[in-house]
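Below is one structure, written out as structure tokens; the observations come after it.
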Amino acid sequence: MSLVNHEFRLLLRQRLTVIALALLGMLTIAALAAGMTEVSRQRAAIAAIPAAQAEDIGAIAAWIEKAKDAGSAAYYSFHPTWNAPAPLAFAALGMRDVSPYILRVRSLGLEAQIYDGDTFNPELALPGRFDFAFVLVFLAPLFVIALFHDLVSGEREAGRHRALQALPNGGRALWRRRTLLRLGLLWLVLGGPFALCAVIEGVAPPTIAIVLTLIVAYLLFWIALAALVGRLRWSSVANAATLAAAWLVLVLVVPTLANVAINRAIPVSQGAEIALAQREAVNRAWDIPREDTMDRFFAKHPEWANSPPLGHKFHYKWYLAFHQNGDESVADRVQAYRQGLEARESAGRSLGWVLPSVGVQALLTRLADSDLTGQLAYQDCIRAYHKRVRTFYYGYLFRDLPFGKADFDRAPKFAEEACARGRVPVDPA
């Protein structure tokens, strides 16, 4: 222990090392604070939904009460859905930074609503948010390089290497102590603030342990790479340049080129194209006989086939029927789009077994439920809820029942906790 204390005191005398550790600590704390602030903002926005929804529905209900028209209620009523951040989301925001986490849907065609809210296409979302995952994956290796590039070469250039080799407990034992000391300090600077914030956010202890282990493993990879370069007996400057080039290639260049290659190998249409196709199908319904629309709808939804005839006046059940037909017309596109995104994500995960930077990023976002899998699960929740909403309004429209103010309270409510993430069956129709 006295030898470790001695090494620690020597380390504190190295101003650049102390500055590097302090800077990494400040970046870690800043990233965690930014992540917690963003997650807090999202939770506050979700918490404000009930009050805003009650005010909105109250105004619509007061107007609907006069005519008791179920079609107007279905058309004008928005129903909120939300994707609350997981406890670990503060550390890896992932797609939560570029994809909707709140979406208000109507009983009209759903696919256009989903992809209108898809401001950034999922396949184009790239890591770049300043959060803990960014600091760990992109910045931490630079600090490893700063602390380890001259671990041995610096002593050799100062003329102390042979003397240190000859000392009792010198040689490999000395380099082992210095390596473990620097590793421990880096892990403490990164893992200490993270663990504190994770406890505050209510992250499960096993998840905290996994992330702390992941930090150690990622640091060890870069330390091993620095040791490998150090064995070449180059100068400290050459070591630093080589390791910096390795960082550039392994963290930036190769992942970017791999992402481009995956996108070309697995072509995926844009979500906006699905929304446009759905709208075209909906708009086409105005130009064809209403009976054709209803026959197509009843063929897939025979439970409503005994509905009274339309008559000559406009009826909302026809309007909602051709919106439903529009969704069903793009169901194959929706499925292909989803399968393409999942194939790209699978290829990216496979790349993570080769590139530690990609693997660490992927694991953190998966633990935080902020990756593509989490976003697609949220879309499945929306589809399942939308089916309940439109079925609720169909019950009034296709039976010509009046819809009053009290009926708004019977409308289905979105319950995220009842939506099993990743286990909701996909039902684009």
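Give the shape of segment 332-372 as rounded, prolate or oblate, defined through the alpha-carbon gyration tensor: a ≥ b ≥ c are the square roots of its eigenvalues, a/c under 1.5 means rounded, and otherwise the shape is prolate if a/b is larger than b/c and oblate if not. The shape class here is oblate. In this simple spin-label model, placing a label point 7 Å from the Cα along the Cα-to-Cβ direction at both His312 and Asn283 gives a separation of 3.0 nm.
When only the Cβ of Lys, Arg, Asp and Glu is charged (+1, +1, -1, -1), the dipole of the chain relative to its Cα centre reaches about 1780 debye.
Do any trypsin sites (Lys or Arg not before Pro) in segment 259-335 lie in a loop, going by DSSP, with at most 11 other beta-carbon atoms within 10 Å of their beta carbon, and if so which?
Details: sites: Arg264, Arg279, Arg284, Arg290, Arg296, Lys300, Lys313, Lys317, Arg333; in loops: Lys313.
Answer in residue order: Lys313.
Taking a ≥ b ≥ c as the square roots of the eigenvalues of the Cα gyration tensor of segment 226-333, is the shape rounded (a/c under 1.5), prolate (a/b larger than b/c) or oblate?
Numbers: a/c = 6.50, a/b = 5.27, b/c = 1.23.
Because a/c hits 1.5 or more and a/b exceeds b/c, segment 226-333 counts as prolate.
Using a simple spin-label model with pseudo-atoms 7 Å out from Cα toward Cβ, Ile102 and Val249 lie 4.7 nm apart. About the centre of its Cα atoms, segment 188-334 shows a dipole size close to 560 debye [charges on the beta carbon of Lys, Arg (+1) and Asp, Glu (-1) only; nearest 20 debye].
Toward the positive end of the charge dipole of segment 320-360, with +1 on the Cβ of Lys and Arg and -1 on the Cβ of Asp and Glu, the farthest Cα among Leu341, Val330, Leu351 is that of Leu351.
Within the set (i) 34, 26, 20; (ii) 37, 25, 20; (iii) 59, 22, 14, the number that semi-axes √(5λ) of the Cα gyration tensor in Å takes when calculated for this structure is listed as (iii).
One chain, two ends: Asp400 and Ser269. Fully extended at 0.36 nm per residue, the span grows by 43.1 nm beyond their Cα-Cα distance. Figure legend: label point modelled 7 angstrom from the Cα of Ala411 along Cα→Cβ; residues of segment 78-109 with amide N under 14 Å from it are 78-81, 104-108. Quick one: if the Förster radius is 30 Å, what FRET efficiency do Ala343 and Arg388 give, using the C-beta to C-beta distance and rounding to 0.05? With R0 = 30 Å, the Cβ-Cβ based efficiency is 0.50.
Give me the number: length gained by fully extending Ser350 to Arg233, i.e. 0.36 nm times residue separation minus the C-alpha to C-alpha distance, one decimal in nm. Before the final figure, lay out each step's value.
Numbers: separation 117, 0.36 × 117 = 42.12 nm, distance 3.45 nm.
Contour length minus the Cα-Cα distance gives 38.7 nm.
Dipole of segment 186-296 computed with +1 at Lys/Arg Cβ and -1 at Asp/Glu Cβ about the Cα centre; of Pro267, Ala241, Ala195, farthest Cα towards the positive end is Ala241. A crude spin-label estimate for the pair Phe298 and Leu12, with each label 7 Å from Cα along the Cβ direction, gives 8.7 nm. Basic side chains Lys and Arg get +1 at the Cβ, acidic Asp and Glu get -1 at the Cβ, and with that the dipole of segment 275-344 about its Cα centre reaches some 180 debye.
Over segment 287-429, what relative contact order in percent results from Cα pairs under 8 Å that are six or more residues apart? It would help to have the intermediate numbers written out before the result.
On the way: 87 pairs, mean separation 41.1, N = 143.
Reported relative contact order: 29 percent.
Bear in mind these aren't lab numbers, they're just calculated from the coordinates by the rules spelled out. As the structure is a computational prediction, the values presented were derived from the model and not from experiment. Cβ sites come from the backbone with ideal geometry, for glycine too, and all protein chains shown count toward neighbours.
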